[in-house]
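Have a look at the structure below before the remarks.
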Protein chains: 2
Amino acid sequence: MAVLETTKPRAKAPARQKQLSVELPLGQILDGDCVEAMRSIPSGSIDLVFADPPYNLQLGGDLNRPDGSHVDAVTDHWDQFDSFKIYDDFTRDWLIEAKRILKPDGALWVIGSYHNIYRVGAILQDLGFWILNDIVWRKSNPMPNFRGTRFTNAHETLLWCSQGEKAKYHFNYRAMKTLNDELQMRSDWVLPICNGAERLKEGGHKVHPTQKPEALLYRVLLSTTERGDVVLDPFFGTGTTGAVAKRLGREWIGCERENVYRDAALKRIEKELPLDESALTTMQAGRSAPKVAFGALVENGFIAPGTEVFDKKRRWTATVRADGSLAIGKQTGSIHGLGKDLQGAPSCNGWTFWHYEAGGEVKPIDAARQLYLLAVED
Amino acid sequence: MAVLETTKPRAKAPARQKQLSVELPLGQILDGDCVEAMRSIPSGSIDLVFADPPYNLQLGGDLNRPDGSHVDAVTDHWDQFDSFKIYDDFTRDWLIEAKRILKPDGALWVIGSYHNIYRVGAILQDLGFWILNDIVWRKSNPMPNFRGTRFTNAHETLLWCSQGEKAKYHFNYRAMKTLNDELQMRSDWVLPICNGAERLKEGGHKVHPTQKPEALLYRVLLSTTERGDVVLDPFFGTGTTGAVAKRLGREWIGCERENVYRDAALKRIEKELPLDESALTTMQAGRSAPKVAFGALVENGFIAPGTEVFDKKRRWTATVRADGSLAIGKQTGSIHGLGKDLQGAPSCNGWTFWHYEAGGEVKPIDAARQLYLLAVED
DNA sequence: GTGATTAGTGAATCGTACA
DNA sequence: ATGTACGATTCACTAATCA
């Protein structure tokens, strides 16, 4: 299991990416059943699958299968367990295809409510997907429970999964932290439901009963994809995924059975404008910045050999040597290694542990690294 | 499906109630495996089962905080299962017994995390339990994600179920509405984790690694039981369920294998006094004031990425980026941080410093925050 | 006594690259 | 596959200690 925060690993193989892209129906909505549609997609070609599967089983009344066909209650013996079985089979079918088309470091998102999410979650675990987080979309303006018989159903649940326990995945930690005012983004997201100008309407009626807010997709795509990534949505509906993907400079593919939804989605996405380059840029993680060896600071004169460096509490003071190593008496090591050994700690980030004096001020040696980076950039 | 808000239906048969009570081990902690222990309980005799089963965390190696200190993880033997299959079998076994001992109008609560709750949810649906709500416990003070690899895991999930789709159940709608400042109680509860004086400690160490906050049980018992009801907890631990039940005038039965936990629970419940009405209101967590990140305005479309923002005198103009950060050339930062840096000031309130144009008018970005709050407000 | 500072901790599926 | 080096990373709250 691993985390890649840069686009480098994907950028390394532009040819392969392009080659695949040619075969992929980018920017298209595939007509028909999503399992059939996904069969036309090459294995290991998709970066992200976002799925908002239906859960409109009408228990107790007329029964419809997830594909819309009607169950004949007269000829079929029917009960709650049969409907679970049909739903589970349907779920397993589309999840298997989703897993096949995803790249080894691709990811899956599914959204659902308590009616279906526990079945979906258990099945995707059985198929080998590895849950990274479950996310609660906390609705700021939910429908009240009019009859006063239960708690107000004020949230939905999203599951974010990698291909497996050991699989790599992508998480834009820094972008999420920036988006959340410099605090780690939590697993509960407070967002309004979709209404107002964003809600698609035709003749005063909503086009789709469960249109998701664009803010939700915005956060999903910003957190777990990079520019140019390919996002597939097997239950495209009115195309929220496509609209936000286009805006954020991601490629998209949809699957949708209903003509009405496909038409509305295409019209909607057509109007959407991609953000320009500068707006799309996000704060980068430290690890995507170029690596600097401490020795480079020494040999370029940013830190002179012989300089004394010390921890914040001045429990230890070490001397910088010409090769960029540190020494306290006979004890020597790298900025990380010596800090680790002195503290008896399992690890140590030497850049923030060691300090030096410059112009009467005490600064972490990381400050020198920043100066060096500024000087090198030009 | 029906709702009983009064105690009348139970009061109708006082004789039957009393007769059963005599056979039940009220106020006792049954030793040993909970499935065995529940077998000694008569069928249809329990009003509520609250269960906090092992989560099957499957942790890898050690985890250290950025400061090098060690995270005291849940590595107890009782949380270890070799496979999903074994965990599922274990889950099915205790759920079957729980269903048997519950009255026809009794209810089940289970708490879990994403590691186990999807399996538990699917299995209890398979057994015929009917989910009434899933409740999200949003932790006000969760442990951060120290490595920056995922979203902060900031919640746990509770499932509230009746005996079946058509089964009756009890819900104290009025009590919940009162507890929530005359607003319907929602499916997301903000409560702090258990620490401070409430956390049981022995020799400076926590007695139980996963002790639940009493406020959580308080809300569970107050919403779905009446005075005198019998509550059974198959994974009693250090007896939070028993303590709160006693305080609220409910009868309780526990099951627990570990001597240490049983002893601690008995001592704890012994000290517990039934609560007078006045304390009722002090248990709830205050409603948190809404705090808005600038990124929330961006992802919700109140401020578009690419928008230009500027200070009042237009000395500086910055561009809003997709993650809610601002950029002027190569200089970037949060609304507060960039404003601070540009002015060379010790701090800066970005909300009032930066302005934007909307409808030909120049407004501080705080105006957009007010619009957002209006849209989000309950 | 009071406010400021420091230390500790909580159900956590918590790295990557190269030799 | 296994080991080693390098590198990146924390929020809210409580309790204890210090000024």
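Where a number appears in this text, it was derived from the coordinates with a stated rule and is not lab data. Everything numeric here is computed off the predicted structure, so don't read it as measured data. Here the Cβ positions follow ideal geometry from the backbone for every residue, glycine too, while neighbour counts run over all protein chains shown.
When both bridge partners sit in chain B, DSSP labels roughly 60% of those beta bridges antiparallel. Projecting the Cα atoms of A:G360, A:I328, A:G344 onto the charge dipole of the stretch A:294-377, computed from C-beta unit charges around the Cα centre, puts A:G344 farthest toward the positive end. Look at B:W78, B:W351, B:W189 and count the other Cβ atoms within 10 Å of each Cβ; fewest to most, that gives B:W78, B:W351, B:W189.
Relative to the dominant Cα principal axis of chain B, helix B:365-376 is inclined by about 30°.
Determine by what factor the alpha-carbon radius of gyration of the stretch A:191-303 differs from 2.2 N^0.38 Å, reporting the quotient. Rg over 2.2 N^0.38 Å, computed on Cα atoms: 1.51.
The same position B:K201 in the other copies lies at 5.8 nm from this copy, comparing label points 7 Å beyond Cα toward the beta-carbon, shortest first. Taking 23 Å as the straight-line reach from the Cα of B:K85, the lysines in range (excluding those fewer than 8 positions away in the same chain) are A:K85, A:K99, A:K166, B:K99. Separation of the stretch A:91-118 and the stretch B:150-200, taken as the distance between their Cα centroids, equals 28 angstrom.
Give the order of A:M143, A:M38, A:M176, B:M143 when sorted by the count of other beta carbons within 10 angstrom, beginning with the fewest.
Working: A:M143 10, A:M38 22, A:M176 25, B:M143 13.
Neighbour counts put them in this order, fewest first: A:M143, B:M143, A:M38, A:M176.
Computed from label points 7 Å out along Cα-Cβ, the spacing between A:K363 and B:Q80 is 5.0 nm. Distance between the pseudo-spin-label points of A:K267 and A:A322 (7 Å out from Cα toward the beta carbon): 7.7 nm.
Over the stretch B:294-377, Cα pairs under 8 Å with separation of 6+ residues give a relative contact order of 24 percent. Helix B:214-224 and the long axis of chain B differ in direction by around 70°, with both axes built from C-alpha atoms. For the protein assembly as shown, the cysteines with no partner cysteine C-beta closer than 4.7 Å are A:C161, A:C194, A:C348, B:C161, B:C194, B:C348.
Note on B:K177: lysines with a C-alpha under 20 Å away, same-chain residues under 8 apart excluded, are A:K139.
How high is the relative contact order of the stretch A:84-237, in percent, counting Cα pairs under 8 Å that sit 6 or more residues apart?
Details: 188 pairs, mean separation 35.7, N = 154.
RCO, the stretch A:84-237: 23 percent.
The charge dipole of the protein assembly as shown, taken about its Cα centre with unit charges on the Cβ of Lys, Arg, Asp and Glu (plus for the first two, minus for the last two), comes to roughly 1460 debye. Between A:L342, A:L26, A:L266, the GNM of chain A built on Cα springs shorter than 10 angstrom shows A:L342 fluctuating the most.
Loop-located trypsin sites (Lys or Arg not before Pro) in the stretch B:172-232 (DSSP state not H, G, I, E or B) with no more than 13 neighbouring Cβ atoms inside 10 Å: B:R227.
To make sure I understand, if each residue's beta carbon is the centre and we count other beta carbons within 10 Å, what order do B:D72, B:D52, B:D79 fall in, fewest to most? Before the final figure, lay out each step's value.
On the way: B:D72 10, B:D52 23, B:D79 19.
By the 10 Å Cβ count, ascending: B:D72, B:D79, B:D52.
Relative to the other identical copies, A:E165 shows label-point distances of 3.7 nm, where the label point lies 7 Å from Cα along the Cβ direction and values run shortest first.
From largest to smallest, the equivalent ellipsoid semi-axes obtained for the stretch B:294-377 from the alpha-carbon gyration tensor read 20, 13, 12 Å.
Measuring nothing but how far apart in sequence close Cα pairs (under 8 Å, 6+ apart) lie, relative to its length, chain A scores a relative contact order of 16 percent. When only the Cβ of Lys, Arg, Asp and Glu is charged (+1, +1, -1, -1), the dipole of the stretch A:277-378 relative to its Cα centre reaches about 520 debye. Overall, the stretch A:85-160 carries a charge dipole of about 280 debye about its Cα centre when +1 sits on the Cβ of Lys and Arg and -1 on the Cβ of Asp and Glu, all other atoms neutral.
Between the stretch B:299-378 and the stretch A:232-270, the alpha-carbon centres lie 31 Å apart. For B:P25, the shell of other residues with beta-carbons less than 14 Å away shows a net charge of -4, using +1 for Lys and Arg and -1 for Asp and Glu.
Count the DSSP beta bridges whose two residues both fall in the stretch B:118-240, then state the antiparallel fraction as a percent rounded to the nearest 5.
On the way: 10 of 14 bridges.
Among the beta bridges of the stretch B:118-240, antiparallel pairing accounts for roughly 70 percent.
Listed by chain and number, the lysines placed with their C-alpha closer than 25 angstrom to that of B:K363 are B:K291, B:K312, B:K313, B:K340; residues fewer than eight positions away on the same chain are left out.
Summarising the overall dimensions of chain A from its C-alpha atoms, the Rg and Dmax are 26.3, 91 angstrom. Net charge in the neighbourhood of B:M38 (other residues with Cβ under 12 Å of its Cβ; Lys, Arg +1, Asp, Glu -1) is -2. For B:D366, the point set 7 Å out from Cα toward Cβ sits 3.1 nm from its twins in the other copies, listed from shortest up. By DSSP, the beta bridges lying fully in the protein assembly as shown are antiparallel in about 55 percent of cases. In chain A, the longest principal axis of the Cα atoms and the axis of helix A:117-126 are about 60 degrees apart. Would you be so kind as to identify which of B:A175, B:L222, B:F310 lies farthest towards the positive end of the dipole of chain B, taking Lys and Arg as +1 and Asp and Glu as -1 on Cβ and the Cα centre as origin? It is B:F310.
Measuring r between the beta carbons of B:Q58 and B:N195 and using R0 = 25 Å, the FRET efficiency lands at 0.50.
If you bin the C-alpha pair distances of the protein assembly as shown every 20 Å from 0, what whole percents do you get? Over the protein assembly as shown, the share of Cα pairs per 20 Å bin runs 14, 44, 34, 8, 0 percent.
Taking K and R as +1 and D and E as -1, what net charge do the other residues with C-beta under 15 Å from the C-beta of A:V320 add up to?
Details: positive: A:R321, A:K363, A:R369; negative: A:E299, A:E308, A:D311, A:D323, A:E357, A:D366.
It works out to a net charge of -3.
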